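Just below is one structure, and these are the notes that go with it.
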Amino acid sequence: MFKDIFKKTKYVTIQPAQVPRHSPSETSPPQTTLSKKELPDSLWAKCPKCGEVLFNKDLEKNARVCTKCEYHFRISARGRLTLLVDEDSFEEWDAELLTIDPLEFPGYEGKLREAHEKSGTTEGVLTGLAKIEGISVVLAFNEANFMMGSMGSVVGEKIVRAIERAIDLSLPVVIFSTSGGARMQEGILSLYQMAKTSAALGKLADKHLLYISVLTDPTFGGVTASYASLGDILIAEPNALIGFTGPRVIMQTMRQELPTGAQTAEFNQEHGLIDLIVQRAQMRSVLARLLRYHQEGAQYAATV
Amino acid sequence: MLQLFDFEKPIAELEQKITELQKFSADKEIDLSQEIAILEKKAASLKMEIYGNLEPWQKVQIARHSERPNFYDYVPLLFEDFIELKGDRLFADDHSIAGGIALFRGTPVTVVAQVKGKGTKENIKRNFGMPHPEGYRKALRLMDQAEKFGRPILTFIDTPGAACDLAAEERGQGEAIARCLLAMAGYHVPVISTVIGEGGSGGALALGVGNVVLMLDNSFYSVIAPESCASILWKDTTKAKEAADALKFTAQDLLRLGVVDEVVSEPLGGAHKNLKHTAEGVSAAISKYLVRLRSETPQVLRENRYQKLRAIGVYQEITKNL
């Protein structure tokens, strides 16, 4: 058939060198050949890319980036904040918003307690106002240690409030997403946070205010399908896994095994889905440059 | 032969008995009308009892019924005219999303819908109603045109979820859905979304950002499929029934949670038992809200939709002591 000639059915995937499919979470390093006794979590971490065994202290000092191969480990919201903003410039917003269990979902309260203990925070996102190289900006960071940054009512509400305040203050917004997607335990309420956050970003765009979305490992599901994909500029960290459906679900439902390197930041860039890949160490300066070059936007909005 | 669920079997058995008795009475010329009347009364009350108290999992089964009317079944009953428009102008035409311009009770409207197939062959063509990014981009293109020309938008939701394969990932499934959410939230025209079957997660929501969201009585609308939820919670996909209870995704639940504005009733046993009757209910509900929405200014329509979304979510706020 003629249409088959034009319909592209096969794709060439360019594979970045040795990027691992699964990156470890901060608190649970990957299975290694060494037993747990020989490799206590608190002292050492093994790089899943090059296999180098690293002192956790050295890893922290290097912004949780492998000192040998520059593999980017996951980092907490607070850790990211410290690396990024001018000293003492951060003002946190809406920390008093707390999650309840609206559907009385089995096991949710226990999960929330666990997440609270594990992360030391009350929810899956940290929001507020700060300065980057002297430029004021509204920020949001998902917290991987809190139920994998999944989005329920509180995460959605905090992000929307941050965007609305950015509109009031005529400021740009930068959101660092790290999320498994919409939070199952709040059902339809979680699903509609996707629409709610997207709607707020539409209002921000009306005011010609800049929104930079930084996608970090991992960003999936309802977060990829809402605020994380709606940036004027989309940045990813090296080797971050980014996609809509997770590789395990694709395997289970479609019986399709993804090629090595699929859904990495590099794969996404190759397919035209993100603008640039920025090393953690360079993030502050790249964001500062982009923010600086957009400072005319708010004034321009008043003239058109 | 219609697909029959376990919970429907007592009804089917009784109905079969009635048919047998009627035949027997006719063949032998014996008057059994009294007995038949009693049985018919019993069948009616049994139907009320069973279909009137369906559990969430039973509603899932009805929503996924192989005979469940799809978008194309409703078209001739809802619209005087329908001109289907195809393609996203970027990659391909996705058969799991249909759209175009229709005439609804004399008013030109833009219609966009997810479509499942009937039977294996059509289902393969329509990817079982699971749209790829090009489907969402087609929807977006058509809805943007509605905004441009000031036409109301009617969307119909019926999908197990967005396509979840490598091709969808390569073409930006997440971005395609997100663009629909952003655009729908910003339109100045009336948007009415109706869930007619399965409302599967983000893939369904991409057409769900309405001023008004309607839901058929036996449809469901969920953040995750009950089977997947059971697999995560209990590592056991056979516990989908328990997951269906936990997820609170029936039309009645969503009405209570402020997501859905009205539940449209179905004939006893589901929409497939009487398509015409179901379509009349859908048409009446859409008409009622469309009249209301069309009396608002474009700015009010947009702002009301935003405030509706803004209010969705349940949380606790601890007031700071100053």
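For the reader, a short list of remarks on this structure follows.
- Filter result (more than 10 Å from every other protein chain (Cβ to nearest Cβ) and closer than 28 Å to B:V260 by Cα) within the stretch A:166-197: A:S179, A:G180
Per-residue answers, yes or no, for (1) in contact (Cβ under 8 Å) with a residue 60 or more places away in the chain; (2) crowded, with 23+ Cβ neighbours inside 10 Å; (3) in contact with a strand residue (DSSP E or B) (Cβ under 6 Å, 6 or more places away or on another chain):
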position: B:P76; (1), (2), (3): no, no, no
position: B:F79; (1), (2), (3): no, no, yes
position: B:L85; (1), (2), (3): no, no, yes
position: B:A92; (1), (2), (3): no, no, no
position: B:R105; (1), (2), (3): yes, no, no
position: B:V111; (1), (2), (3): no, yes, yes
position: B:Q114; (1), (2), (3): yes, yes, yes
position: B:G119; (1), (2), (3): no, no, no
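- In the stretch B:269-313, the residues that are exposed (fewer than 15 other Cβ atoms within 10 Å of the Cβ) and of a type in the set (V, I, T): B:V291, B:T297, B:V300
- Residue match in the stretch B:110-132 (condition: under 15 Å from the mean Cα position of the chain (by Cα), over 30 Å from B:A230 (Cα atoms) and among the aromatic types (F, W, Y)): no
- For the stretch B:255-275, the set of residues classified as under 13 Å from the mean Cα position of the chain (by Cα) and within 12 Å of another protein chain (Cβ to nearest Cβ) consists of B:V260 only.
- Matching helices (runs of 4 or more DSSP H) fully within the stretch B:215-267 where at least 2 residues are touching a helix residue (DSSP H, G or I) at 6+ places or on another chain (Cβ under 6 Å): B:226-234, B:240-247
- Candidates are the residues of the stretch A:233-264 that are under 27 Å from A:D86 (Cα atoms) and more than 12 Å from chain B (Cβ to nearest Cβ); the one that is surrounded by the fewest Cβ atoms within 10 Å (Cβ to Cβ) is A:I233.
- Contacts under 6 angstrom Cβ, first residue in the stretch A:64-87 being in contact (Cβ under 8 Å) with a residue 24 or more places away in the chain, partner aliphatic (A, V, I, L, M), 6 or more apart: A:R64/A:I75; A:H72/A:V65; A:R74/A:A144; A:A77/A:L126; A:L83/A:A63; A:V85/A:A130; A:V85/A:I132
- The listed residue being surrounded by fewer than 23 Cβ atoms within 10 Å (Cβ to Cβ) and within 18 Å of B:A183 (Cα to Cα), out of A:D206, A:D275: A:D206
- Screening B:A240 with (1) within 19 Å of the chain's Cα centre (by Cα); (2) of a type in the set (G, A, S); (3) more than 8 Å from chain A (Cβ to nearest Cβ) gives one miss only, at (1).
- Out of A:F141, A:F90, A:F176, A:F146, sole residue that is of a type in the set (A, V, I, L, M, F, W, C) and in contact with a His (Cβ under 9 Å, 6 or more places away or on another chain): A:F146
- In the condition set (1) within 13 Å of the chain's Cα centre (by Cα); (2) within 12 Å of chain B (Cβ to nearest Cβ), A:L201 is compliant with all but (1).
- Residue in the stretch A:48-61 that is under 30 Å from B:G87 (Cα atoms), at pLDDT below 95 and surrounded by fewer than 16 Cβ atoms within 10 Å (Cβ to Cβ) present: no
- Enumeration of residues in the stretch B:136-165 that are of a type in the set (F, W, Y), more than 12 Å from chain A (Cβ to nearest Cβ) and buried (at least 24 other Cβ atoms within 10 Å of the Cβ): B:F156
- The residues of the stretch A:134-155 that are closer than 22 Å to A:S76 by Cβ and more than 14 Å from chain B (Cβ to nearest Cβ), listed by number, are A:V137, A:V138, A:L139, A:A140, A:F141, A:N142, A:E143, A:A144, A:N145, A:F146, A:G149.
- Residue within the stretch B:166-186 that is under 13 Å from the mean Cα position of the chain (by Cα) and either away from chain A (no Cβ under 12 Å) or not in a helix (DSSP H, G or I) (or both) present: no
- Any hit, the stretch A:190-197, residues being more than 30 Å from B:G199 (Cα to Cα) and over 15 Å from the mean Cα position of the chain (by Cα): no
- Only one of the numbered conditions (1) more than 25 Å from B:D73 (Cβ to Cβ); (2) of a type in the set (A, V, I, L, M); (3) in contact (Cβ under 8 Å) with a residue 60 or more places away in the chain; (4) more than 13 Å from chain A (Cβ to nearest Cβ) is not met by B:V300, and that is (3).
- Taken as a whole, the structure leaves A:I163 outside the set of residues that are of a type in the set (A, V, I, L, M, F, W, C), in contact with a helix residue (DSSP H, G or I) (Cβ under 6 Å, 6 or more places away or on another chain) and within 24 Å of B:L254 (Cα to Cα).
- Verdict on B:D245 being touching a strand residue (DSSP E or B) at 6+ places or on another chain (Cβ under 7 Å) and surrounded by fewer than 24 Cβ atoms within 10 Å (Cβ to Cβ): no
- Residue that is within 14 Å of chain B (Cβ to nearest Cβ) and either under 20 Å from B:I232 (Cβ atoms) or touching an Asp or Glu at 6+ places or on another chain (Cβ under 6 Å) (or both), where the choices are A:K118, A:K158, A:K131: A:K158
- The set of residues in the stretch B:239-253 that are free of Cβ contacts under 8 Å to residues at least 40 places away in the same chain and either among the aliphatic types (A, V, I, L, M) or over 14 Å from A:F105 (Cα atoms) (or both) comprises B:K239, B:A243, B:A246, B:Q252.
The values are calculated or read from the model by the stated rules, or taken from the named source; none is laboratory data. Values in this document were obtained by computation on a predicted structure and should not be read as measured data. In this analysis, Cβ positions are derived from the backbone assuming ideal geometry, glycine residues included, and neighbour counts consider all displayed protein chains.
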